[in-house]
There are 2 protein chains.
Amino acid sequence: MPNATIRDVAREAQVSVASVSRALNGHERVRPELRARVQEVAARLGYVPHAGARSLSLARTSAIGVVLPDLHGEFFSELLRGMDREVAAQGLALLLTVLQDGRGLNTLAALRGQVDGLVVMAPQLGAAELRAQLPAGLPAVFLNCVPGLAGAALRVDNAAGAAAMVDHLVAAGARTIAHVAGPVGNVDAEERRAGAVAAAERAGVALTVVQGDFTEASGAAAAAQVARGAIRADALFAANDAMAIGALVALKGHGVAVPRQVRVAGFDDIPLARLVTPALTTMRVDIAALGARAVQLLARRIVAPAEGLVEVDPAGAEAIVPRLVVRDTTTETDRETQS
Amino acid sequence: MPNATIRDVAREAQVSVASVSRALNGHERVRPELRARVQEVAARLGYVPHAGARSLSLARTSAIGVVLPDLHGEFFSELLRGMDREVAAQGLALLLTVLQDGRGLNTLAALRGQVDGLVVMAPQLGAAELRAQLPAGLPAVFLNCVPGLAGAALRVDNAAGAAAMVDHLVAAGARTIAHVAGPVGNVDAEERRAGAVAAAERAGVALTVVQGDFTEASGAAAAAQVARGAIRADALFAANDAMAIGALVALKGHGVAVPRQVRVAGFDDIPLARLVTPALTTMRVDIAALGARAVQLLARRIVAPAEGLVEVDPAGAEAIVPRLVVRDTTTETDRETQS
DNA sequence: CTGAAAGCGCTTACAG
DNA sequence: CTGAAAGCGCTTACAG
């Protein structure tokens, strides 16, 4: 048998569908006796309101969409975890959409009527492309996207994080830094590179940029160049932990002592970072907090789409600043220090 | 301005809303000239059908729900990645719901009208609880759930995987195997133990079960017993990689040569497995494939809810068989072989 | 406090 | 091939 509808409940309880709706939605002007009867019948029939019909009537779905460029690795599971935490607290549902290169251009547009707003992480798309794809009038919060989009923006302050790491390496004794950059065109990668370059300049130490692509293999390749002297460096700072770990393993393979001969540092603080030997010094980005904050901002925008008060930072994006996590690849001591 | 509706398009194109619907949905009986005009107007107005209204009319949402017990770690991101792959291929959307202990009992029921079916992973719930929560008539596929639910079931074939590993160890020369088991009561652990025991019997080699609890420490403790001869073994097969890695480190600490004196093997192929020295031989569970397969089964059930043909294995659950990944802890060579 | 009715935005028999 | 109309399942002014 199909699911019971509001009419079934109304008939069974001998009231109008309007009364069923009011009774079940907790409206005030309902006789207690009627409310009790309706609730009893609804429970007995296993009635659950049809979400689609409800959202059509209310012009509100109570769902938000999250658009991600990929789903590989711990970063995304942490982000989703943070979002889910907040989404559950707000009584919302989460619709997940991965926007990979090949996927249709109307993937986002098709979300109209399915969600009340969007958290979008699309570092690979330009502002124009993104704007063209987004359903008009749908509140949105952008994570690590190009600036200049209509919506709240939230980002990780990669430049500040990278600069902090360079400062730490210099304090630890480094004088010639090799920075293994992430893929060209990737916003995070570019910001980390820029922050590292600027900090090295300020500190007056040499910094060479080696092109990488966020994979362990590319980190290993960069380390090999350092190991055989093709690149001179007493510190290797990779733009993410995966590359740093690839480099770490490669350096050990080449018989280079870490951190004595070459200091190694990463970015992200993935779980593996604590488990490699020596444990990896890195920048911790509280990814779950980033996700939770994004949902929070979106929820406010959904309630008050145009209110200026909602704008966190009208000038630009609100920023999450990563924290330095010092482990064994940059210092001889074993103590883990967090600043 | 709000989003354009089908009426706006109809008015602008000077046709009926019925024609707009037919033209845009690719119905056959539409004059090409009319179709072209409607498409032009729809594009100009940026018209996108309202998903909620569409699903109310069609009694189909083109979305599926995935219910997970948690979101921590690589396992879930891999699972979601596999699901997303298949979901995108099928033109569906994915609604994510985390069903943690505290969360309301009607979390699942509220999905009615929002999804066409559910992939449920709820190892913490009994069959009765689960049945009570699921909206009646909603197709479902269960992952690692208790048996006996109305729906397709899918699971990892732990026993077959463990048996394959024992066979590999025997082929590599092992004659006395110590199996470090996982915690009592854990389904995965029990199945792996049973598979290992059966395979050892078939192969006619000795196998001792040592109790562990999936932690590195318990693996190290088991290894210590092997190292000091309390347990005689020329191979140590741990029920997961964490214990295997703990054992590996402990064996090295006790001066036992791996794999020459004692072969070591794990289960899961966590990222760390490739990074330890020597690299760990293990069983790879293709989690993404598990997720993709679940969505595939669900999609079929949605199309043909009651067809017997759709039933993969009416007797029980369809199983994903892990693959053997041979690395350096069981062979002297360095080559990584996958079977 | 309650019911009849309109409406949310679509799709699809039903006539023509 | 096309339009007018009914209907999907809900909510909420509008009367009473």
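The table for this structure:
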item	result
Cross-chain or 6+ apart pairs with Cβ under 6 Å, region A:1-30 first and farther than 21 Å from B:ALA59 by Cβ and in a helix (DSSP H, G or I), then more than 7 Å from DNA strand D (Cβ to nearest atom) and charged (D, E, K, R)	A:ALA13/A:ARG37; A:ALA23/A:ARG35
Hits in region A:23-38 (condition: over 41 Å from the mean Cα position of the chain (by Cα) and surrounded by 12 or more Cβ atoms within 10 Å (Cβ to Cβ))	A:VAL30, A:LEU34, A:ARG35, A:ALA36, A:ARG37, A:VAL38
Residue match in region A:175-193 (condition: under 18 Å from A:GLU332 (Cβ atoms) and outside any strand (DSSP E or B))	yes
Residue in region A:50-61 that is within 16 Å of DNA strand C (Cβ to nearest atom), away from chain B (no Cβ under 13 Å) and either over 29 Å from B:ASP70 (Cβ atoms) or buried (at least 16 other Cβ atoms within 10 Å of the Cβ) (or both) present	no
Residues (surrounded by fewer than 22 Cβ atoms within 10 Å (Cβ to Cβ), hydrophobic (A, V, I, L, M, F, W, C) and more than 9 Å from chain B (Cβ to nearest Cβ)) located in region A:69-93	A:ALA89
Test for B:VAL197: is it under 21 Å from B:ASP268 (Cα atoms), free of Cβ contacts under 8 Å to residues at least 24 places away in the same chain and among the aliphatic types (A, V, I, L, M)	yes
Residue, modelled with the lowest pLDDT, within region A:134-167, restricted to residues that are closer than 17 Å to A:GLY266 by Cα and surrounded by fewer than 24 Cβ atoms within 10 Å (Cβ to Cβ)	A:ASP157
Options A:ARG81, A:ARG7; residue that is more than 16 Å from DNA strand C (Cβ to nearest atom) and of a type in the set (Lys, Arg)	A:ARG81
Within region B:111-133, considering residues that are among the small types (Gly, Ala, Ser) and in contact with a strand residue (DSSP E or B) (Cβ under 8 Å, 6 or more places away or on another chain), the one nearest to the other protein chains (Cβ to nearest Cβ)	B:GLY117
Single unsatisfied condition, B:GLN100 versus (1) at pLDDT 90 or above; (2) more than 15 Å from DNA strand C (Cβ to nearest atom); (3) within 26 Å of A:VAL98 (Cβ to Cβ)	(1)
Residue match in region A:6-17 (condition: under 40 Å from the mean Cα position of the chain (by Cα) and within 11 Å of DNA strand D (Cβ to nearest atom))	yes
Close pairs from region A:104-129: first modelled with pLDDT of 80 or more, partner among the basic types (Lys, Arg), Cβ under 8 Å, at least 6 apart	A:GLY113/B:ARG54; A:ASP116/A:ARG60; A:GLY117/A:ARG301
Residue list for region B:1-22, filter: buried (at least 16 other Cβ atoms within 10 Å of the Cβ), small (Gly, Ala, Ser) and out of contact with any Leu (no Cβ under 6 Å at 6 or more places or on another chain)	B:ALA10, B:ALA13, B:SER19, B:SER21
Residue tally, condition closer than 17 Å to A:VAL48 by Cα and more than 7 Å from DNA strand D (Cβ to nearest atom), over region A:21-31	2
Qualifying residue in region A:60-69 (condition: part of a loop (DSSP other than H, G, I, E, B) and away from DNA strand D (no atom under 16 Å from the Cβ))	yes
Residues (more than 16 Å from B:GLY255 (Cα to Cα) and either charged (D, E, K, R) or surrounded by fewer than 19 Cβ atoms within 10 Å (Cβ to Cβ) (or both)) located in region B:215-230	B:THR215, B:GLU216, B:ALA217
Any hit, region B:15-33, residues being closer than 24 Å to B:ALA288 by Cβ and within 12 Å of DNA strand C (Cβ to nearest atom)	no
Failed item in (1) more than 14 Å from chain A (Cβ to nearest Cβ); (2) surrounded by fewer than 23 Cβ atoms within 10 Å (Cβ to Cβ); (3) in a strand (DSSP E or B), with B:LEU96 passing the rest	(1)
Any pair with Cβ under 6 angstrom, 6 or more apart, that starts in region B:145-162 at a residue that is assigned to a strand (DSSP E or B) and ends at one that is at pLDDT 90 or above and of a type in the set (Phe, Trp, Tyr)	B:ALA153/B:PHE142
In region B:243-266, the residues that are more than 20 Å from B:ARG175 (Cα to Cα) and under 32 Å from the mean Cα position of the chain (by Cα)	B:MET243, B:ILE245, B:GLY246, B:VAL249, B:ALA250
Residue among B:ARG85, B:ARG37, B:ARG81, B:ARG54 that is part of a helix (DSSP H, G or I), in contact (Cβ under 8 Å) with a residue 24 or more places away in the chain, of a type in the set (Lys, Arg) and within 11 Å of DNA strand D (Cβ to nearest atom)	B:ARG37
Hits in region B:39-49 (condition: surrounded by 17 or more Cβ atoms within 10 Å (Cβ to Cβ) and away from chain A (no Cβ under 12 Å))	B:VAL41
Residue within region B:216-239 that is modelled with pLDDT of 95 or more and of a type in the set (Asp, Glu) present	yes
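Table: residues versus (1) without any contact (Cβ under 8 Å) to a residue 40 or more places away in the chain; (2) surrounded by 24 or more Cβ atoms within 10 Å (Cβ to Cβ); (3) assigned by TED's automatic domain parsing to the domain that holds A:GLN211.
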| site | (1), (2), (3) |
| --- | --- |
| A:ALA235 | no, yes, yes |
| A:ALA239 | no, yes, yes |
| A:VAL249 | yes, no, yes |
| A:GLY255 | yes, no, yes |
| A:ASP268 | no, yes, yes |
| A:PRO278 | no, no, yes |
| A:VAL295 | no, yes, no |
| A:ARG300 | yes, no, no |
| A:VAL303 | yes, no, no |
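The values are calculated or read from the model by the stated rules, or taken from the named source; none is laboratory data. Remember, predicted model here, so these are calculated numbers, not experimental data. Positions of Cβ are backbone-derived with ideal geometry, glycine not excepted, and every protein chain shown enters the neighbour counts.
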